[in-house]
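The values are calculated or read from the model by the stated rules, or taken from the named source; none is laboratory data. Quick caveat: nothing in here was measured; it's all calculated off a predicted structure. Ideal geometry is used to build each Cβ from the backbone, glycine not excepted, and the neighbour counts take in all protein chains shown. Note: accessible area is taken over every heavy atom of the protein model, side chains too, but ligands, DNA and RNA are not part of it. Shrake-Rupley method; radii C 1.70, N 1.55, O 1.52, S 1.80 Å.
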Amino acid sequence: FEKESLKNIDDNLSELEEKMFIINKDCFEIANQLHAKRAESAKKLSKDLTKAVRALRMTGSTLKISVTKTADLSISGCSLISFMAETNPGEGFYKVKDAASGGELSRILLSIRQILSSKDTINIFLFDEIDTGIGGETALNIGEALANVSINSQVIAITHLPQIAKYSDRLIVVSKDIEHRNNQSRTYSKVKELSGNQIKEEVIQMTPLN
């Protein structure tokens, strides 16, 4: 039996190579179709994301999902996807991680979550520095956006602004106190969780007096 198998090995290899060629061709056809759909969807998503970040006081910023076709086939198809951003007009597009500050990254993430929060399985988000350099109506817009994302996900936001804190279901206040004992001073951090009317009272205290 082994001798017969060895005699037919060339035929078997040719048959397997032909099957691999057909499978590879079918995979490329499917990958090309997927690539076309990705490229089309990327255009709409880029417009939606740009509109969303500009509403969060990233005026003049433009986000772009770049989809380029690769020569080789991978487990995810034949598309190379890059998340690009131009944070200032005329400065050119760069990868988001290289172009955006910490606060800008938080706002970009918030914009993505607003658009995609109901379509994925990620359910916990932490936003830090999202209120950097903002206030007034923009802060209210961000607070409202965070509240919208929290409909489908758990949102944890670190903020100093009452316009954002007012949207929380639970507010955790972190403060520092200095205690003097035996001619020595120690600084202690205190954490207090608020809910209901306590949140309203804390927001009022956070609001600066004119």
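Could you order peptides 186-193, 163-170 by the average number of other Cβ atoms within 10 Å of their residues, highest first?
Details: 186-193: 8.9, 163-170: 19.0.
Put in order of decreasing packing, that is 163-170, 186-193.
Sorted from largest down, give the three principal axis spans of the alpha carbons of the chain, whole angstrom values.
95, 47, 33
Sticking with the crude label model, points 7 Å out along Cα→Cβ, report the distance from R54 to E137 in nm, one decimal please.
Reported label-point gap for R54 and E137 is 1.5 nm.
For the chain, calculate the relative contact order in percent as a whole number, restricting contacts to Cα pairs under 8 Å that are 6 or more residues apart. Kindly include the intermediate steps, with their values, before the conclusion.
Numbers: 256 pairs, mean separation 25.9, N = 210.
Once divided by the residue count of the chain, the mean separation gives 12 percent.
Using a basic spin-label model with each label point 7 Å from the Cα along Cα→Cβ, how many nm lie between D169 and I122?
Placing both labels 7 Å along Cα→Cβ, they lie 2.0 nm apart.
How large is the accessible surface per residue of the chain, computed with a 1.4 Å probe and reported in Å² as a whole number? Before the final figure, lay out the partial values.
Values: 14920 Å² over 210 residues.
I get 71 Å² per residue for this part.
How much solvent-accessible surface does E144 expose, in Å² to the nearest 10, with a 1.4 Å probe and all protein chains in place?
90 Å²
DSSP H helices in the chain with Cα extent of 30 Å or more along the helix axis and mean Kyte-Doolittle hydropathy at least -1.0?
On the way: long enough: 9-54 (64 Å, -0.61).
Long hydrophobic helices here: 9-54.
Efficiency by 1/(1 + (r/R0)^6): what FRET value for S76 and Q205, r their Cβ-Cβ distance, R0 = 30 Å, to the nearest 0.05?
Numbers: r = 50 Å, r/R0 = 1.68.
After rounding to 0.05, the efficiency reads 0.05.
Just to be sure I understand the model, the point goes 7 Å from the Cα along the line to the Cβ. What's the resulting S101 to I9 distance in nm?
Label at S101, label at I9, 6.8 nm between them.
Using 0.36 nm per residue, how much length does the chain from E179 to K47 gain when fully extended, once their Cα-Cα distance is taken away? Kindly include the intermediate steps, with their values, before the conclusion.
Details: separation 132, 0.36 × 132 = 47.52 nm, distance 5.35 nm.
Net length gain for the segment: 42.2 nm.
Please give every one of the lysines within straight-line cross-link reach of K37, meaning a C-alpha to C-alpha distance under 29 Å, and leave out same-chain neighbours fewer than 8 residues apart.
K19, K25, K47, K51, K64, K69, K95, K97, K119
Which percent of the accessible area of the chain is formed by carbon and sulfur heavy atoms (probe 1.4 angstrom)? Display every interim value, and only then the final one.
Values: 7890 of 14920 Å².
Carbon and sulfur together cover 53 percent of it.
For every helix of n ≥ 4 consecutive DSSP H residues, a contribution of -39,500 (n - 2.57) applies; sum these over the chain, divide by its total residues, and give [θ] at 222 nm rounded to the nearest 500 deg cm²/dmol. It would help to have the intermediate numbers written out before the result.
Working: 7 runs with 99 residues, N = 210.
Computed ellipticity for the chain at 222 nm equals -15000 deg cm²/dmol.
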